[in-house]
1. Look at region 61-90 and say how many of its residues are over 44 Å from the mean Cα position of the chain (by Cα) and either assigned to a loop (DSSP other than H, G, I, E, B) or free of Cβ contacts under 8 Å to residues at least 12 places away in the same chain (or both).
2. Here are 209, 244, 216: which of them is in contact with a helix residue (DSSP H, G or I) (Cβ under 8 Å, 6 or more places away or on another chain), touching a residue at least 24 places away in the same chain (Cβ under 8 Å), in the same structural domain as residue 173 (by TED's automatic domain parsing) and assigned to a loop (DSSP other than H, G, I, E, B)?
3. Residues that are crowded, with 18+ Cβ neighbours inside 10 Å, polar (S, T, N, Q) and assigned by TED's automatic domain parsing to the domain that holds residue 383, at least 1 per element: which strands (runs of 3 or more DSSP E) completely within region 302-365 meet that?
4. It is to be established whether one or more residues within region 179-192 are closer than 24 Å to residue 16 by Cα and out of contact with any Cys (no Cβ under 8 Å at 6 or more places or on another chain).
5. Residue 3 is checked against (1) at pLDDT 95 or above; (2) surrounded by fewer than 16 Cβ atoms within 10 Å (Cβ to Cβ) and fails just one. What number does that condition carry?
6. Yes or no: residue 78 of a type outside the set (A, V, I, L, M, F, W, C), out of contact with any Leu (no Cβ under 7 Å at 6 or more places or on another chain) and under 23 Å from residue 139 (Cα atoms)?
7. In region 115-134, what count of residues is obtained for those that are loosely packed, with under 14 Cβ neighbours inside 10 Å and charged (D, E, K, R)?
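The values are calculated or read from the model by the stated rules, or taken from the named source; none is laboratory data. Not measured: the values here are computed from a predicted model. Neighbour counts are summed over all protein chains in view; Cβ atoms, including those assigned to glycine, are modelled from backbone coordinates with ideal geometry.
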Amino acid sequence: MMITLEKAIELALSNAVQTTIEYISYIQSLQRVLGEDIRSDIDIPPFNKSAMDGYAFQKSDIEKTLKIIQTIQAGDKPVALLKQGECVKIMTGARIPENADYVAKVEDTSLNKNGEVLINRVESKSNIRYAAEDIKKNEKVLSKGTLIRPQEMATLATVGAIRVPVYKKPTVVIASTGNELTEPENIPNETQIRNSNAYQLVAQCQQMGILADYMGIIPDTLNDTIEHLKQMLIEANVVLLSGGVSMGDFDFVPQALISLGFEIIFHAISVQPGKPTLMAKKGNKYCFGLPGNPVSAYMQFELLVKPFIYKMMGHEYQPATCWLPLAKSVSRKNAERTSLIPVKIIDNKIYPVIYHGSAHLLALNNADGFMMIPINIKEIQQDTYVTVRPL
């Protein structure tokens with residue numbers, strides 16, 4: 001039975017079982033998902049410090065000529081207290097004396113002939129970064145389920161979280177099916193095409209920080225499909241196949257999975273491209289059968305497989321989107337399925353690219369993202385704002 005794309009996504013996510021937690025170095029944590037909340041072990045900033053280069057003093061002395069008693073750069077220890085009429089020359093990020101409550105910018109000051117400081121301009125702000133104004137000791141700084149990007153790595157380093165609890169990565173293996181396929185290094189004969197889907201899927205996994213193993217081309221026989229699947233299931237938790245999942249005489253993936261004891265979660269989605277997409281489950285093993293056409297395989301990985309893998313890793317994936325107007329109207333004859341249309345963004349407007357269907361791989365090369373036309377909608381008028389998901 002064919003289900004909607006929204007239902008397929010819901011079923012995929014509801015069947016994902018989270019992996020267990022391991023501890024790794026923060027240096028290795030990029031693209032991993034936090035398994036626990038992270039709290040700071042110190043106040044940040046840990047002391048009152050200057051927000052700029054200038055002179056630190058007591059604001060009650062602002063009308064006075066100030067004597068410079070110390071020059072402080074970041075990392076230096078300042079005098080504990082300033083006396084009346086005293087100031088310190090201070091650099092950005094350096095700790096200020098305890099009783100200093102104002103920093104005058106260099107450009108707001110001048111020096112008299114004796115080298116003393118005159119304050120020429122006073123701002124409403126103190127130009128001081130106060131202790132703990134960003135983070136207090138024991139305050140939560142990152143939440144469980146956070147996907148670690150470079151900025152989160154910097155936060156981990158800042159709060160001393162050098163051993164990081166993260167969800168383990170699921171192991172992923174990939175194969176393509178089809179007698180017509182040959183590897184990219186070969187010159188195809190008159191009945192062959194080069195295998196591109198497998199390497200596209202490997203790269204899509206790599207973008208997530210998943211190093212998926214490629215396990216070759218499966219010939220179009222039931223026995224070969226079963227035996228190949230058996231080996232792949234030994235190697236991994238998640239199997240990704242392209243091709244062999246439709247209703248043709250030589251599409252053996254569904255039959256092979258059933259013979260191996262898998263439950264078919266869904267086998268057809270009301271989406272174009274990508275209708276013959278399959279998900280199956282057996283215990284803690286999962287298989288996604290993606291269409292053989294490259295645009296379909298790409299789209300269904302992004303829509304189904306990526307959020308599923310992230311869910312296994314404890315992360316609720318929310319893809320980036322933008323909301324922009326159509327430069328020209330888009331129409332279609334058949335509105336029974338959700339349509340995914342590759343588009344280009346030019347001057348903040350959406351232009352559909354030349355697209356001949358799910359086998360037209362170059363359409364993705366020329367696109368910045370894709371828009372969706374919902375079921376039962378045949379036309380979207382020019383200047384209508386639509387959601388675009390970047391590629």
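1. If we filter region 61-90 for residues that are over 44 Å from the mean Cα position of the chain (by Cα), which is where we start, we get 61-71, 79-88.
Pick out the ones that are also either assigned to a loop (DSSP other than H, G, I, E, B) or free of Cβ contacts under 8 Å to residues at least 12 places away in the same chain (or both) and you get 62-65, 79-85.
Residues in region 61-90 being over 44 Å from the mean Cα position of the chain (by Cα) and either assigned to a loop (DSSP other than H, G, I, E, B) or free of Cβ contacts under 8 Å to residues at least 12 places away in the same chain (or both): 11 in total.
2. Details: 209 fails: in contact with a helix residue (DSSP H, G or I) (Cβ under 8 Å, 6 or more places away or on another chain); 216 fails: assigned to a loop (DSSP other than H, G, I, E, B).
Unique residue meeting the criteria: 244.
3. Details: elements: 322-325, 338-346, 349-352.
Output list reads 338-346.
4. From region 179-192, those closer than 24 Å to residue 16 by Cα are none; that's our starting set.
No, region 179-192 contains no residue that is closer than 24 Å to residue 16 by Cα and out of contact with any Cys (no Cβ under 8 Å at 6 or more places or on another chain).
5. (2)
6. On the way: of a type outside the set (A, V, I, L, M, F, W, C): yes; out of contact with any Leu (no Cβ under 7 Å at 6 or more places or on another chain): yes; under 23 Å from residue 139 (Cα atoms): no.
Criteria not met by residue 78.
7. The qualifying residues number 4.
Results for (1) in contact with an Asp or Glu (Cβ under 8 Å, 6 or more places away or on another chain); (2) modelled with pLDDT under 95; (3) surrounded by 12 or more Cβ atoms within 10 Å (Cβ to Cβ), shown as yes or no for each residue.
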{"residue": "55", "(1), (2), (3)": "no, no, yes"}
{"residue": "59", "(1), (2), (3)": "yes, no, yes"}
{"residue": "65", "(1), (2), (3)": "yes, no, yes"}
{"residue": "75", "(1), (2), (3)": "no, no, no"}
{"residue": "85", "(1), (2), (3)": "yes, no, yes"}
{"residue": "92", "(1), (2), (3)": "yes, no, yes"}
{"residue": "97", "(1), (2), (3)": "no, no, yes"}
{"residue": "136", "(1), (2), (3)": "yes, no, yes"}
